[in-house]
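A short write-up of the structure that comes next.
The values are calculated or read from the model by the stated rules, or taken from the named source; none is laboratory data. Computed from a predicted structure; not experimentally measured. Neighbour counts are summed over all protein chains in view; Cβ atoms, including those assigned to glycine, are modelled from backbone coordinates with ideal geometry. The accessibility values were calculated without ligands, DNA or RNA, using every heavy atom of the protein model including side chains. Shrake-Rupley method; radii C 1.70, N 1.55, O 1.52, S 1.80 Å.
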Amino acid sequence: MEVTFVLQDKTTRTVEAEPGWKLMEVAVDNAVPGIDGDCGGEAACATCHVYVSPQWREATGERTSDEQAMLDNTFGVREDSRLCCQITTDEELDGLIVEVVGS
Amino acid sequence: MTITDSHDAALTAEQAEARERIYALPLESLDPANEAHYPSGDIHWVFERLRAEDPVHFTAAEHSEYGHYWSLTKWDDIRAADTNPKDFSANGIITLARPVPESMTEEEMEAQRRQGITSLLSMDPPDHEIHRGAVSEAVAPANLAAMEPLIRERAGAILDGLPIGQEFDWVDKVSIELTAMTLATLFDYPQEQRRKLTWWSDVITSAPGPGRAVENQEDRVVAMNEFFDTFNDMFTRRQSEEPRVDFLSLLAHSPHATDFTDRELFGDGIVLLVGGNDTTRNTITGSVYALSKNPTENAKLRANPALIPSMVSETIRWQTPLTHMTRRTTRDVEINGKIIPKGDRVAMWYVSGNRDEDKIQNAASYIIDRKNPRQHLSFGFGIHRCLGNKLAELQLRIIWEEMLARFPEINVIGEPVRSHSSFIKGYESMTVVIPRRN
Ligand code: FES
């Protein structure tokens, strides 16, 4: 499966992903700039902040409560904000597009 | 055991003896908050032992001048507490404060009370979000990008002014200078008086005493009042001026400004001041020190300047400029097999978690190209995670880019003088010589 990151300079980066990983891990493994993953995916640092494009909102699920608490304290938060360590890749997300916010 | 705090060499006789001494003490008497452990670096033996023998450690009042408290020393326990503000409240508490002596005067009590500040760092939700949200724009990505050229210009000017072939104090001439300039910008405080900000921060974070920022409690009260008045004055002036992106203006123009109490505003001011001062200053000094003690790492960096960001993160881990934050339990909480009673104080020792071998391989070693250098506890985790972390990293990155462009070597002479504090892990002074320019 493939996922696409829209970077802060508006260029895009499409990468191969295996199902069953945190989207943050996919980004870090591919050195996607703007996704640091400092806390290792515990929804505790907000360095994996992305905007999820509208057609993918439902498939990516709801924010967790820890995620919500971190988003309450983060820059540039919008309605479509997610911490991408809280999104797990699966076949249904093949073709997913997210925008990297940066922290 | 052949690893020391600063490098991979075998322990010196002195270090081996210090370690033995710590291991010979009765376990229950160990008091990680005891400042005496810090200037020598002995604190790492205390934590090494606690992680192995008593990771959730209780220090009774008879063994500590801070009164009784608990210590978390393992990465996982620290992360669990830091991300659980419900059970581990930050309300009104940041560090372990000493109990109030009975002999205190009214004025001293007032100063003490101000110091036991209410601030964004010592608030629980929802107040926390309001205060943090008010000031965060000053260190938001857009503003940092705008500050970068300014910081680079200043860093260059500082470095160009350094003496060549002559001993000088790196802390004073570089680390304090750069961080004070940045701080003055963030507070929109007159640059000519920037060292005042540094001094206030030092007064706040260190106990009075000979050779310290202030000699005695009275001088401390005077200094705190002076900061309080200055801060208040600036806040009032900002209210009648156009909104800008300095901390005071952001606070003054927050939609919640009228709800903020004096005490909260003062607390926010202190946290922003200290947060922007010691941490970055001591990491800058720490990076020069660590690289001089680890020639292989230094060579790696000079051969490949692309390692600067990873070196910066590794230094922030290795240095851990703030040793801990403190919380108070809101109920009886079980953690790692121990029950911490409701209302007790809990110190989350980042400085120990950052050396936890269960989480970080070769944790005592300084390795600038280690895997996952960004995974460290120095900024904390959860809702109170350091607000200025990116600004700290930015300053470190820039000063190193400018240093590598100018100086082929920087030699540390002797050992630095370390801070006498169990909260700020830093350096009072460090003598260096720069033999020549590129
Ligand atoms: S990696 Fe820390 S919040 Fe996602």
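The numbered conditions (1) open to solvent by 70 Å² or more (accessible area, probe 1.4 Å); (2) of a type in the set (D, E, K, R); (3) modelled with pLDDT of 95 or more are all true for B:GLU17 except (3).
Look at A:SER103 and say whether it is away from chain B (no Cβ under 14 Å), touching a strand residue (DSSP E or B) at 6+ places or on another chain (Cβ under 8 Å) and either open to solvent by less than 60 Å² (accessible area, probe 1.4 Å) or at pLDDT 95 or above (or both).
No, not satisfied.
For the subset of the range B:363-421 comprising residues that are of a type in the set (Lys, Arg), within 10 Å of chain A (Cβ to nearest Cβ) and outside any helix (DSSP H, G or I), which member is most open to solvent (accessible area, probe 1.4 Å)? Among residues in the range B:363-421 that are of a type in the set (Lys, Arg), within 10 Å of chain A (Cβ to nearest Cβ) and outside any helix (DSSP H, G or I), the one most open to solvent (accessible area, probe 1.4 Å) is B:ARG374.
Looking across the range B:327-362, just one residue is of a type in the set (Phe, Trp, Tyr) and part of a helix (DSSP H, G or I), and that is B:TYR350.
Residues that are among the β-branched types (Val, Ile, Thr): which helices (runs of 4 or more DSSP H) entirely in the range B:184-303 hold 2 or more of them? Lay out the reasoning, then the answer.
Details: elements: B:194-205, B:217-239, B:247-252, B:262-293, B:295-303.
Result: B:194-205, B:217-239, B:262-293.
Screening A:VAL32 with (1) more than 10 Å from every other protein chain (Cβ to nearest Cβ); (2) open to solvent by 10 Å² or more (accessible area, probe 1.4 Å); (3) in a loop (DSSP other than H, G, I, E, B) gives one miss only, at (2). Among the residues making up the range B:169-194, those that are closer than 22 Å to B:ARG238 by Cα, free of Cβ contacts under 8 Å to residues at least 60 places away in the same chain and open to solvent by 10 Å² or more (accessible area, probe 1.4 Å) are B:MET181, B:TYR189, B:PRO190, B:GLN191, B:GLU192, B:GLN193, B:ARG194. Of A:GLU79, A:GLU18, A:GLU99, A:GLU2, all but one fail to be without any contact (Cβ under 8 Å) to a residue 12 or more places away in the chain and away from the ligand (no atom under 12 Å from the Cβ); the exception is A:GLU79. Of all residues in the range B:37-50, those that are modelled with pLDDT of 95 or more have Cβ atoms under 9 Å from Cβ atoms of residues that are crowded, with 22+ Cβ neighbours inside 10 Å and aromatic (Phe, Trp, Tyr), 6 or more apart or on another chain, in B:PHE47/B:TRP349; B:LEU50/B:TRP349. The selection criterion, being within 14 Å of chain B (Cβ to nearest Cβ), within 30 Å of B:HIS131 (Cβ to Cβ) and at pLDDT 95 or above, holds for A:MET24. So in the range A:50-71, with the set limited to residues that are crowded, with 16+ Cβ neighbours inside 10 Å and over 18 Å from A:TRP21 (Cβ atoms), which one is nearest to the ligand (Cβ to nearest atom)? This residue is A:MET70.
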